[in-house]
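**Student:** Can you read through this structure? Questions will come right after.
The values are calculated or read from the model by the stated rules, or taken from the named source; none is laboratory data. What you see is a predicted model, and the numbers here were worked out from it, not measured in a lab. In this analysis, Cβ positions are derived from the backbone assuming ideal geometry, glycine residues included, and neighbour counts consider all displayed protein chains. Ligands, DNA and RNA are excluded from the accessible area calculation, which covers all protein heavy atoms including side chains. Shrake-Rupley method; radii C 1.70, N 1.55, O 1.52, S 1.80 Å.
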Amino acid sequence: MSKLFESVKIGNIELKNRLGMAPMTRSRALPNGTPSDLAAEYYGQRASVGLIISEGTQPSEDGQGYTNTPGIYTESHMKGWKKVTSKVHNEGGRIFVQLMHVGRVSHPDNTPHHRQAVAPSTIAPNTEIFTAQGMKEIPTPRALSEGEIKDVINEFRLAARAAVEAGADGVEIHGANGYIIQQFLSENANQRQDAYGGTIENRSRFAIEVAKAVVDEIGPERTGIRLSPQGTLNGIEEGESSSEMYRYLISELDKLNLAYLHIMHFGNESLLQDIRQLWSQALLVNRAGRTLDQLTVDLDNELADVITVGTWMIANPDFVKRLKLDAPLNTPDRNTIYAGGAEGYTDYPFLKE
């Protein structure tokens, strides 16, 4: 456990420990996508971790999938995020804003413009999504033209610039969990016949071009990317060539000297070992189904440089201190993860001195 509390360098910044807060949707932004004042308190409470990665933040109206998620494409959004980043920095923390374009995982009821979602191909994920009127089937998206793909890439670029101007230490590109980047990677969501579909190289092209655009805008030292190799969230099936594809993709991304790669790990140990060998910069790992006594297994085995945690961090704003003291943890309230104001958000108790 002691290695967890060592410092580590990510890009050009020094993290005070090797623990990260994983990105988690909390659905508490204002209706226009501006982070609320409670968000500043929420993230500031958790600034004892080495790195906070924010909840998924849409780079455009098309990028929104869920209700009350924050954006980073208007002046109002930037002002809201400035409060968050200032609070985190005042508490001695570091924060990257995660840029999340959901692609087809959306519903017109949840977006400002109420339009049909966009995606690589006209293929629905065959799952439901929460709306203000309850659960609804996700409609079939429309396929992006090649010109529109370039527009989406530019949305990531501009959002990255906006996040840094709002005080973020960097951004994490969300390429995981079945959202637009993984949709391009996956055989069952991407049936294009142009330069963005078919071969491993073509299906990887969108992810690489997004990363290059963000790097060109804010620098590689401020850019991370999250991937979930062989994950099946939101109707994704990457196909039999997925291991080969990720080896290719990560090799290409490695050439960009990004600050870090963040892996949502679902259990393919040989692939994780290959990723460790292919990746030259910091590697963050979030291991699905892990127990607390397994928290540092990837650090101990030198398969990760930073460990990210999710639900534990929701319920324990002082998670780092509790680990150091081997103190008991608060139990998360599952009913308030995506709902409400302060309840289940900023009211979890700290350890008493």
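**Student:** Tell me, what HN-Hα J-couplings in whole Hz come from the Karplus equation 6.51 cos²θ - 1.76 cosθ + 1.60 at θ = phi - 60° for each residue of region 71-81, using x for Gly and Pro?
**Tutor:** Residue by residue, region 71-81 yields x, 8, 9, 10, 4, 4, 4, 5, 5, x, 5 Hz.
**Student:** Also, I was wondering about something else. Efficiency by 1/(1 + (r/R0)^6): what FRET value for Asp300 and Leu233, r their Cβ-Cβ distance, R0 = 30 Å, to the nearest 0.05? Write out the running numbers ahead of the final one.
**Tutor:** Working: r = 28 Å, r/R0 = 0.92.
The calculated FRET efficiency here is 0.60.
**Student:** So, by mean Cβ neighbours within 10 angstrom, what's the order for 42-54, 201-213 with the highest one leading?
**Tutor:** 42-54, 201-213
**Student:** If amide hydrogens are placed 1.01 Å from N in the peptide plane, which non-local residues have theirs closer than 5 Å to the one on Ile173?
**Tutor:** Leu99, Gly224, Ile225, Arg226
**Student:** Once both labels are modelled 7 Å past Cα along the beta-carbon direction, what's the Lys255-Lys324 spacing in nm?
**Tutor:** About 4.4 nm, to one decimal.
**Student:** Quick check for the chain: number of Lys pairs with alpha-carbon distance under 14 Å, counting only pairs 8 or more apart or on different chains?
**Tutor:** Number of lysine pairs found: 8.
**Student:** Separate question: Per residue of the chain, what 222 nm ellipticity follows from adding -39500 (n - 2.57) for every DSSP H run with n ≥ 4, rounded to the nearest 500?
**Tutor:** Here the helix-only value at 222 nm equals -9500 deg cm²/dmol.
**Student:** Let me ask something additional. Let me check I've understood the local charge: for Arg142, count other residues with C-beta under 10 angstrom from its C-beta, Lys and Arg +1, Asp and Glu -1. What total comes out?
**Tutor:** Net of charged neighbours comes to +1.
**Student:** Classify region 232-304: rounded, prolate or oblate, from the alpha-carbon gyration tensor (a ≥ b ≥ c, eigenvalue square roots; a/c under 1.5 rounded; otherwise prolate if a/b is larger than b/c)?
**Tutor:** oblate
**Student:** Continuing with this model, one more query. What shape does region 100-251 have by the C-alpha gyration tensor, where a ≥ b ≥ c are the square roots of the eigenvalues, rounded means a/c under 1.5, and otherwise prolate means a/b greater than b/c and oblate the rest? Could the numbers behind the result be given before it?
**Tutor:** Details: a/c = 1.64, a/b = 1.12, b/c = 1.46.
Oblate.
**Student:** Might you tell me the accessible area per residue for the chain, computed with a 1.4 Å probe and given in Å²?
**Tutor:** 39 Å²
**Student:** Suppose we keep just the DSSP beta bridges with both residues in region 1-143; what percent of those would be antiparallel, to 5? Numbers along the way, then the final one.
**Tutor:** Numbers: 7 of 16 bridges.
Percent antiparallel among DSSP bridges in region 1-143 is about 45.
**Student:** Mind running the shape call on region 84-153? Use the C-alpha gyration tensor, a ≥ b ≥ c as the square roots of the eigenvalues: rounded below 1.5 for a/c, prolate if a/b tops b/c, oblate otherwise. Before the final figure, lay out each step's value.
**Tutor:** Values: a/c = 2.98, a/b = 1.62, b/c = 1.84.
In terms of gyration-tensor shape, oblate.
**Student:** Under the rule of at least 5 residues apart or a separate chain, name every residue whose amide H is placed under 5 Å from the amide H of Ile13.
**Tutor:** none
**Student:** Please report the carbon-and-sulfur percent of the accessible area for region 299-353; probe 1.4 Å, protein heavy atoms only, DNA, RNA and ligands left out.
**Tutor:** That fraction is 48 percent.
**Student:** Sticking with this one: Which loop-located trypsin sites (Lys or Arg not before Pro) does region 87-184 contain, where loop means any DSSP state but H, G, I, E or B and the Cβ has at most 14 other Cβ atoms within 10 Å?
**Tutor:** Taking region 87-184 and a limit of 14 other Cβ atoms within 10 Å, the loop trypsin sites (Lys or Arg not before Pro) found are Arg115.
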